[in-house]
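Chemist: The structure follows.
The values are calculated or read from the model by the stated rules, or taken from the named source; none is laboratory data. Since the structure is predicted, the reported quantities are computational estimates derived from the model, not experimental observations. Cβ atoms come from the backbone with ideal geometry, glycine included; neighbour counts cover every protein chain shown.
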Amino acid sequence: MKKNTIKRNLIFNPKGRDDVEKRTIIKGNTTGLFQLNTTKYQWATSLYQVMIGNFWVPEKVSGLKDDARMFHQDLTKEERQAYKGILSFLIFLDSIQTVNLPNFSDYVTSPEVNLILSIQAYQEAIHSQSYATILETVVDGGERDEIYYFWRDDKVLLKRNKYIGQMYQDFIDDPNDKTFFKGIVANYLLESLYFYNGFAFFDTLVDRMKMLATGRMIAYIRRDELTHVTLFAHIIKEIQKEFPEIYNEKLIRSMMKTAVDQEIEWGQHILGNQIPGMNKKTTVEYTQWLANQRLELLGLNPLYPEAIENPYKHLDRLQDTNSDKGNFFESTVVNYTQSSSMNGSWDF
């Protein structure tokens with residue numbers, strides 16, 4: 001196989017070999033069988049246990065009727081608009097992930113990694129169902145299409161969605177080493193950066209004891225997304241190790257810079273300075289700080305050396321399940337009976 005080509009996996013390849021010593025993250029020559037009794041990537045087997053332990057369904061999350069009352073009576077006009085706009089973007093992100101993940105998996109030649117990519121696709125579909133449940137319960141029926149298609153009237157969101165979609169479409173239309181790696185990096189950025197100003201908004205509402213059921217739903221989604229961040233960080237680092245000619249640090253840093261700029265533009269656009277606890281300045285600080293954290297997971301130096309602190313101190317409290325500060329938000333998540341793995345220890 002030429003160095004700059006990448007081929008879709010055969011459904012069944014009688015000439016393939018499943019030996020661990022011959023296994024590679026991509027461009028391997030496997031039979032097509034899910035040979036999972038011997039695995040090369042131990043991080044994948046560990047991550048499988050965490051992802052399975054995270055099982056949940058939106059129907060088990062109670063309290064959305066209280067959120068419906070609060071949405072109409074207690075949220076400000078600006079909070080309601082941010083709630084709807086952020087949901088629209090999150091719906092798009094999980095929708096595109098559900099559809100596109102199998103396209104990546106078709107080129108991954110490690111069955112243990114294919115396995116957890118399948119679990120991720122399932123989880124993304126659950127997230128989409130979660131948003132549908134929120135919309136069905138919290139907002140008026142006439143507002144649902146407005147939220148799903150918010151991008152039709154919002155030029156900033158339309159530009160954002162088109163940019164993300166095009167990166168995936170480029171790989172689908174012309175699968176090669178460059179478009180594959182760019183697509184993998186785009187996936188990492190989506191999972192690790194694009195969701196998080198939206199998550200921070202919902203957490204900020206919860207910190208003020210607003211929209212608690214929505215916050216619980218978002219907590220489950222965020223927990224899943226963190227495993228997806230872990231998964232794609234490992235895939236990128238395995239490509240760096242096994243196929244250094246494909247790995248491109250300059251591209252990662254350039255794409256991260258673009259992602260940060262777009263996330264800040266969108267965050268400032270949808271949040272502005274009208275959400276208590278959040279403003280245009282904190283949007284910049286949080287996005288740049290988070291970008292540095294995500295680059296560190298890849299073993300890369302920060303893009304923003306001055307961004308050394310998370311400006312949203314309440315997020316640490318809400319998301320720290322080991323904190324001795326008892327709080328309703330995370331304790332409810334931890335005690336969700338069908339989920340046993342709120343935290344996982346994954347070695348990078």
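Chemist: Mind checking whether some residue in segment 213-222 is buried (at least 24 other Cβ atoms within 10 Å of the Cβ), within 19 Å of V108 (Cβ to Cβ) and modelled with pLDDT of 95 or more?
Modeler: No, segment 213-222 contains no residue that is buried (at least 24 other Cβ atoms within 10 Å of the Cβ), within 19 Å of V108 (Cβ to Cβ) and modelled with pLDDT of 95 or more.
Every residue, every condition in (1) on the phi > 0 side of the Ramachandran plot; (2) touching a residue at least 60 places away in the same chain (Cβ under 8 Å); (3) touching a Lys or Arg at 6+ places or on another chain (Cβ under 9 Å), yes or no:
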residue	(1), (2), (3)
W151	no, yes, yes
Y188	no, yes, yes
D203	no, yes, yes
D207	no, yes, yes
R216	no, yes, no
D224	no, yes, no
P244	no, no, no
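Chemist: Would it be correct to say that I184 is modelled with pLDDT under 95 and part of a helix (DSSP H, G or I)?
Modeler: Here the answer is no, as I184 does not meet what is asked.
For every residue, the table says whether it meets (1) among the β-branched types (V, I, T); (2) at pLDDT 95 or above; (3) under 16 Å from I91 (Cβ atoms); (4) assigned to a helix (DSSP H, G or I).
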| position | (1), (2), (3), (4) |
| --- | --- |
| S130 | no, yes, yes, yes |
| Y163 | no, no, no, yes |
| M167 | no, no, no, yes |
| L193 | no, yes, no, yes |
| A200 | no, yes, no, yes |
| D203 | no, yes, no, yes |
| M209 | no, yes, no, no |
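Chemist: When you scan segment 1-13, do you find a residue that is buried (at least 17 other Cβ atoms within 10 Å of the Cβ), in contact (Cβ under 8 Å) with a residue 60 or more places away in the chain and not in a helix (DSSP H, G or I), even just one?
Modeler: yes
Chemist: If you check every pair at least six apart or on different chains, which have Cβ atoms under 9 Å apart with a residue in segment 51-66 that is surrounded by fewer than 20 Cβ atoms within 10 Å (Cβ to Cβ) first and a residue that is in a loop (DSSP other than H, G, I, E, B) and of a type in the set (G, A, S) second?
Modeler: I52/S341; G53/S339; G53/S340; G53/S341; G53/G344; F55/S339; F55/S340
Chemist: Go through E225, E238 for me and flag whichever is surrounded by fewer than 23 Cβ atoms within 10 Å (Cβ to Cβ) and not in a loop (DSSP other than H, G, I, E, B).
Modeler: Details: E225 fails: surrounded by fewer than 23 Cβ atoms within 10 Å (Cβ to Cβ).
Every option except E238 fails the conditions.
Chemist: A further question on this structure: For segment 67-86, state whether one or more residues are under 17 Å from the mean Cα position of the chain (by Cα), modelled with pLDDT of 95 or more and surrounded by 17 or more Cβ atoms within 10 Å (Cβ to Cβ). Show your work before the answer.
Modeler: To start, the set of residues in segment 67-86 that are under 17 Å from the mean Cα position of the chain (by Cα) comprises 86.
From what's left, modelled with pLDDT of 95 or more: 86.
Checking which are surrounded by 17 or more Cβ atoms within 10 Å (Cβ to Cβ) leaves us with 86.
Yes - at least one qualifying residue is present in segment 67-86.
Chemist: Across segment 292-345, what is the number of residues that are modelled with pLDDT of 95 or more, charged (D, E, K, R) and under 19 Å from the mean Cα position of the chain (by Cα)?
Modeler: Number satisfying all stated conditions: 2.
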